[in-house]
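The next block holds one structure in the form of structure tokens; read it before the comments.
Rule-based calculations on the coordinates, nothing more; no lab input. All values derive from a computational prediction rather than experimental measurement.
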């Protein structure tokens, strides 16, 4: 009887076959950050060269192909594994599931689901096959974002994929052109004549000088007639640049 009571009241710790282990660093953090900063700098060079980067409220958002670029740095790719139609009464569309894979081994390291529905302003009147395609694009971008957002943030970019933001009013739209001045050209335009030329590499409204747009003799304003260099400046039948501007 006493042995039974002793067995019932014992509180000794009994070892188990399982074991626990504290989380440990996989690699030296400083080395990881150095590599990530190199990747972020390379990404910035790519984004800066894009003709139309996606900017909104002063922030830059990455499109799916930009996420693919970062994934390439780390040997990660995205794969769609499933799509299915969804119906919520008057709202219809597609849902997609994608995974991020380590390209060399095929090991799945992330997954994401996403939808594209016809109640979104930009997709209200689009055919369903386009909604299906966008659902897949969003899912792939999000799967990559789950793994790589910490890298793009180091580069100064927003972690939300651009494809998830197109429901926001005004997102991705070009900024309105400056109001025209009294001469008919936008304020700040230095183009000759009475209109602004977006391909004039010398006009400050077109950003930094675009020398690739200029020909061997420089960019020629189509509003200015080609006058021979040796022509007399004051012939009655010859119009000067002042005559053209004033009209």
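Computed over region 29-164, relative contact order equals 28 percent, with contacts defined as Cα pairs under 8 Å that lie 6+ residues apart.
Using 0.36 nm times the number of residues separating residue 56 and residue 81, minus their current alpha carbon distance, what extension gain do you get? Working shown, then result.
Working: separation 25, 0.36 × 25 = 9.00 nm, distance 3.13 nm.
Length difference between fully extended and current span is 5.9 nm.
Suppose the chain between residue 28 and residue 146 were pulled fully straight at 0.36 nm per residue; how much longer would it get relative to their current alpha carbon spacing?
Working: separation 118, 0.36 × 118 = 42.48 nm, distance 2.17 nm.
40.3 nm is the gain from fully extending residue 28 to residue 146.
Straightening the chain between residue 130 and residue 118 buys 3.3 nm, computed as 0.36 nm per residue apart minus the Cα-Cα spacing. Let a ≥ b ≥ c be the square roots of the eigenvalues of the Cα gyration tensor of region 72-172; is it rounded (a/c under 1.5), or, if not, prolate (a/b larger than b/c) or oblate? Oblate.
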